[in-house]
Amino acid sequence: MKAWKKDLILSILLLLFCAAAYFYCATLPPGYQKYTMAHAGAYVQFWIVILAILSLALLIRTILRKPQEESASMWSKMVFLTLLSLAAYLFLMPHIGFTLATCLFLFGLAVAYQRQDTENRPSGKALALAAVKWFILCAVTTAALQLLFTKVLKVVLPTLGILGI
């Protein structure tokens, strides 16, 4: 497929997605937040607007330039793995909580993407050390996200029953 056709289709689909997601976020209840920017949908709407601006820029660039080269397929094993992981993450989060689901999601993708890099793939002790580093990075990232959402944005995140994690 020509690059301009793929970019045209992608930009239109992204703009449609952004419009639907923006209006859906506008229907979310405000909760107990008195400031508009602290509502649950406001943060998502901010990122949706940015995605819409970038999609519009892609659409304009595609219409003006119409690149004629053939584009590579965007569907690979890693794309499917990422989408499958994201679906599992969204499904599991209400059941096992934000903390555990996020940490597992990030760690799983970190391992998968590192294993994909055949030139720099660690093995033996280097693999064990890399796995520990990935886990620590994923745990720190998850903790930072949890602090941001719970303390700064005052969002209630899904927890794992009695344990509260």
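The values are calculated or read from the model by the stated rules, or taken from the named source; none is laboratory data. As the structure is a prediction and not an experimental result, all values here were calculated from the model. Reconstructed Cβ throughout: ideal geometry from the backbone, glycine too, with neighbour counts over all protein chains shown. We work out accessible area using only protein heavy atoms, side chains counted, and drop any ligands, DNA or RNA first. Shrake-Rupley method; radii C 1.70, N 1.55, O 1.52, S 1.80 Å.
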- Sequence ranges 99-109, 79-89, ranked by mean other-Cβ count within 10 angstrom, highest first: 99-109, 79-89
- Mind checking which aspartates and glutamates have their C-alpha under 19 Å from residue 6, skipping anything on the same chain fewer than 8 residues away? 69, 70
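What does the helix-only formula give at 222 nm for the chain: each DSSP H stretch with n ≥ 4 adding -39500 (n - 2.57), the total divided by the residues, and the result rounded to the nearest 500 deg cm²/dmol?
Values: 5 runs with 112 residues, N = 165.
Estimated from H runs of four or more residues: -23500 deg cm²/dmol.
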- What dipole magnitude, in Debye to the nearest 20, does the chain give about its Cα centre under +1 on Lys/Arg Cβ and -1 on Asp/Glu Cβ? 120 debye
- Please identify the GluC sites (Glu not before Pro) of the stretch 47-119 that satisfy two criteria: DSSP loop assignment and at most 16 other Cβ atoms within 10 Å. Which are they? 69, 119
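Rank these residues by their accessible area, most exposed first, probe 1.4 Å: 141, 27.
Values: 141 55, 27 100 Å².
Highest to lowest solvent-accessible surface, that is 27, 141.
Rank these residues by their accessible area, most exposed first, probe 1.4 Å: 60, 48, 96. Mind showing how you got there, number by number?
Details: 60 90, 48 15, 96 35 Å².
Accessible-area ranking of 60, 48, 96, largest first: 60, 96, 48.
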- Normalising by the residue count of the chain, find the relative contact order in percent from Cα pairs under 8 Å and 6+ residues apart. 24 percent
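Pairs 2/133; 77/125; 2/77; 125/151; 77/154: which are spaced more than 32 Å apart, C-alpha to C-alpha?
Details: 2/133 41 Å; 77/125 27 Å; 2/77 22 Å; 125/151 38 Å; 77/154 37 Å.
Among 2/133; 77/125; 2/77; 125/151; 77/154, the Cα-Cα distance tops 32 Å for 2/133; 125/151; 77/154.
Which whole number in µm²/s is D for the stretch 1-142 by Stokes-Einstein, with the Kirkwood Rh taken over Cα pairs at 10 °C and 1.306 mPa s? Walk me through the intermediate numbers first.
Numbers: Rh = 18.5 Å.
For the chosen part, D equals 86 µm²/s.
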- Note on the structure: Scalar couplings 3J(HN,Hα) for the stretch 10-26 by Karplus 6.51 cos²θ - 1.76 cosθ + 1.60 (θ = phi - 60°), nearest whole Hz, x for Gly and Pro, are 4, 5, 5, 4, 5, 5, 5, 4, 4, 4, 5, 5, 4, 6, 5, 4, 5
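Using alpha-carbon pairs under 8 Å, 6+ residues apart, how would you state the relative contact order of the stretch 46-139 in percent? Spell out each step's value before the answer.
On the way: 26 pairs, mean separation 19.8, N = 94.
Computed over the stretch 46-139, the figure is 21 percent.
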